[in-house]
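A.B. asks: Right, I'll just put the structure down here and ask away after.
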Amino acid sequence: MMLFNRLGSALLIALALTAASAASAGELFGSGVVSTGLQETSATFTPDGNTLYFMRSDFSESDTTILESHRHGTTWSTPQVASFSGEWHDSEPALSPDGKRLFFVSNRPVKPGDAPLLAEMGGQHFSGANLWYVERQKDGSWGAPVHIDGELNRVPMVYNPSVAKNGNLYFSAHREDAGNAYQIYVAKRRGDGFAAPERLDLGDIKNNRMDPGIDPDERYLVYAGDEGDSLGRADIYIVFRQPDGHWGKPEHLGGDVNSAALENAPSLGRAFGELYVSSSRRDEMHFPKPRDSYESMQKTLNSPLNGSRNIWRFDISDVLRQHGIDR
């Protein structure tokens, strides 16, 4: 889905040297358990921080599934397929701030027995995407998936849900007013449903913007895209709401949040300043290297840092404090 061009190496170096350094160095999250040699993205946590939902897929992302893992002290349990996933092209889980509703993306048909949702863009056909949700039941389980009917899901390219405390639902989509790529929208909560989506005015729509992660109080938003200063195919940006209610100018997150690799699918953790990002960064290669055996080669190819997308954790609390946000 990402339609970004890589910058030249000289420009990458220059931008890296001038990037803001307020964000912390990152850490690979759940190495070998959550982050593996496959593709992992879209981390979302229950309010107590003890249960994680995320997406895992093959390299082509033709088969995507939502997994669940539980914290045990400082470690995470072997992930299991979430109760509502495993049959369709499911991805991008996002829990509501109160943990009572989990939104996700799926190509499953609205009516049982119909064909899976299909999308087309630039002559290419691929799995379509609409937003669904499940609700937490009294016994702690998840209910049956519910399709969000109405204007929000009218098009088959709706991705990356993120919900605020007031129920406003943010997402990225390719709609008629999105230009040639994707833009970020908000569908405000109206009773038991949602109003028609409104596109966020973040600047020139020629810039691709995806994967919104909304602050529960809607004070700021993180997202993936390229505002002209991306270090790779896509980077993570932050934008703050202004006193008049409009969104300010997008800011490129500094520190180690962004790299020359692909960064996307940012989401906010439950702790202040906690940011989770999907990144395809890998171990740096130097040649000549110690000669591989078959076993060492296989170990490297199957390791998390093999160029697959993994989940990384960062601390952006200093960035937030610089903008007057301290909780």
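The values are calculated or read from the model by the stated rules, or taken from the named source; none is laboratory data. Just so we're clear, the structure is a prediction, and the values are computed from it rather than from any experiment. Here the Cβ is made from the backbone with ideal geometry for all residues, glycine too, and neighbour counts use every protein chain on show. Please note that ligands, DNA and RNA were not included when accessible areas were found on the heavy atoms of the full protein model with its side chains. Shrake-Rupley method; radii C 1.70, N 1.55, O 1.52, S 1.80 Å.
A.B. asks: State whether the residues of the stretch 218-234 include one that is outside any strand (DSSP E or B) and under 25 Å from residue 151 (Cβ atoms).
C.D. replies: Kept after step one, since they are outside any strand (DSSP E or B), are these residues of the stretch 218-234: 218-219, 226-234.
Restricting the remaining residues to those that are under 25 Å from residue 151 (Cβ atoms) gives 218.
Yes, there is a match, as at least one residue in the stretch 218-234 is outside any strand (DSSP E or B) and under 25 Å from residue 151 (Cβ atoms).
A.B. asks: Output the number of the condition that residue 195 fails; it satisfies all remaining conditions of (1) open to solvent by 40 Å² or more (accessible area, probe 1.4 Å); (2) over 18 Å from residue 42 (Cβ atoms).
C.D. replies: Here residue 195 meets the rest and fails (1).
A.B. asks: Is it the case that the stretch 52-63 has a residue that's under 24 Å from residue 262 (Cα atoms), hydroxyl-bearing (Ser, Thr, Tyr), open to solvent by 60 Å² or more (accessible area, probe 1.4 Å) and not in a strand (DSSP E or B)? Show your work before the answer.
C.D. replies: Just the residues of the stretch 52-63 that are under 24 Å from residue 262 (Cα atoms), to begin with: 52-63.
Those still in the list that are hydroxyl-bearing (Ser, Thr, Tyr) too: 53, 57, 60, 62.
From the residues that got through so far, the ones that are open to solvent by 60 Å² or more (accessible area, probe 1.4 Å) too are 60, 62.
Narrowing further to those that are not in a strand (DSSP E or B): 60, 62.
So far as the stretch 52-63 goes, yes, one or more of its residues are under 24 Å from residue 262 (Cα atoms), hydroxyl-bearing (Ser, Thr, Tyr), open to solvent by 60 Å² or more (accessible area, probe 1.4 Å) and not in a strand (DSSP E or B).
A.B. asks: Another question, if that's okay. Within the stretch 76-88, track down each residue that is over 15 Å from residue 36 (Cα atoms) and surrounded by fewer than 11 Cβ atoms within 10 Å (Cβ to Cβ).
C.D. replies: Of everything in the stretch 76-88, just one residue is over 15 Å from residue 36 (Cα atoms) and surrounded by fewer than 11 Cβ atoms within 10 Å (Cβ to Cβ), namely 87.
A.B. asks: Any idea how many residues of the stretch 34-51 are touching a Ser or Thr at 6+ places or on another chain (Cβ under 8 Å) and crowded, with 21+ Cβ neighbours inside 10 Å? Please lay out each step first, then the result.
C.D. replies: Looking only at the stretch 34-51, we keep the residues that are touching a Ser or Thr at 6+ places or on another chain (Cβ under 8 Å), and these are 34, 36-45, 51.
Retained after the next criterion (residues that are crowded, with 21+ Cβ neighbours inside 10 Å): 34, 40-45.
Going through the stretch 34-51 one residue at a time, the tally reaches 7.
A.B. asks: Looking only at residues in the stretch 204-234 that are more than 14 Å from residue 171 (Cβ to Cβ) and among the basic types (Lys, Arg), which one is least open to solvent (accessible area, probe 1.4 Å)?
C.D. replies: Across the stretch 204-234, the extreme among qualifying residues is 219.
A.B. asks: Still on this structure, please answer the following. Scan the stretch 268-322 residue by residue and report those that are open to solvent by 20 Å² or more (accessible area, probe 1.4 Å), touching an Asp or Glu at 6+ places or on another chain (Cβ under 9 Å) and closer than 22 Å to residue 97 by Cβ.
C.D. replies: Hits for the stretch 268-322 are 268, 270, 271, 272, 274, 313, 315.
A.B. asks: Could you list, in sequence order, all residues of the stretch 98-120 that are acidic (Asp, Glu) and either closer than 18 Å to residue 197 by Cβ or surrounded by 11 or more Cβ atoms within 10 Å (Cβ to Cβ) (or both)?
C.D. replies: Those that are acidic (Asp, Glu) and either closer than 18 Å to residue 197 by Cβ or surrounded by 11 or more Cβ atoms within 10 Å (Cβ to Cβ) (or both): 98, 120.
A.B. asks: Does the stretch 132-144 include one or more residues that are under 20 Å from the mean Cα position of the chain (by Cα) and open to solvent by 10 Å² or more (accessible area, probe 1.4 Å)?
C.D. replies: yes
A.B. asks: Give the residue, chosen from 229, 217, 201, that is on the phi < 0 side of the Ramachandran plot, in contact with a His (Cβ under 6 Å, 6 or more places away or on another chain) and in contact (Cβ under 8 Å) with a residue 40 or more places away in the chain.
C.D. replies: 229
Condition check ((1) in contact with a Cys (Cβ under 9 Å, 6 or more places away or on another chain); (2) more than 22 Å from residue 225 (Cβ to Cβ); (3) of a type in the set (A, V, I, L, M, F, W, C)) across all residues:
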| residue | (1), (2), (3) |
| --- | --- |
| 110 | no, yes, yes |
| 142 | no, yes, yes |
| 180 | no, no, no |
| 186 | no, no, yes |
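A.B. asks: Considering only the stretch 162-185, how many residues are in a strand (DSSP E or B) and open to solvent by 10 Å² or more (accessible area, probe 1.4 Å)?
C.D. replies: Counting residues in the stretch 162-185 that are in a strand (DSSP E or B) and open to solvent by 10 Å² or more (accessible area, probe 1.4 Å) gives 2.
A.B. asks: A follow-up question, please. Could you look through the stretch 295-327, keep only residues that are hydrophobic (A, V, I, L, M, F, W, C) and part of a helix (DSSP H, G or I), and pick out the one that is farthest from residue 270 (Cα to Cα)?
C.D. replies: Checking each candidate, the answer is 297.
A.B. asks: Tell me the residue from 123, 150 that is open to solvent by 10 Å² or more (accessible area, probe 1.4 Å) and without any contact (Cβ under 8 Å) to a residue 40 or more places away in the chain, please.
C.D. replies: The match here is 123.
A.B. asks: I would also like to ask the following. I'm checking my understanding of the structure. Among residues of the stretch 235-258 that are assigned to a strand (DSSP E or B) and either open to solvent by 50 Å² or more (accessible area, probe 1.4 Å) or of a type in the set (Lys, Arg) (or both), which one is farthest from residue 46 (Cα to Cα)?
C.D. replies: The qualifying residue farthest from residue 46 (Cα to Cα) is 251.
A.B. asks: Any residue in the stretch 25-43 that is β-branched (Val, Ile, Thr) and over 15 Å from residue 311 (Cβ atoms)?
C.D. replies: no
A.B. asks: Residues being in contact with a Pro (Cβ under 8 Å, 6 or more places away or on another chain) and more than 23 Å from residue 303 (Cβ to Cβ): count how many of those fall in the stretch 37-83.
C.D. replies: Total satisfying the criteria: 6.
A.B. asks: How about the stretch 204-215: which of its residues are part of a loop (DSSP other than H, G, I, E, B) and more than 17 Å from residue 245 (Cβ to Cβ)?
C.D. replies: 204, 205, 206, 207, 208
A.B. asks: Does residue 217 satisfy the criteria of being touching a Ser or Thr at 6+ places or on another chain (Cβ under 7 Å) and among the charged types (D, E, K, R)? Give the steps one after another, and end with the answer.
C.D. replies: Numbers: touching a Ser or Thr at 6+ places or on another chain (Cβ under 7 Å): no; among the charged types (D, E, K, R): yes.
So residue 217 does not fit the description; no.
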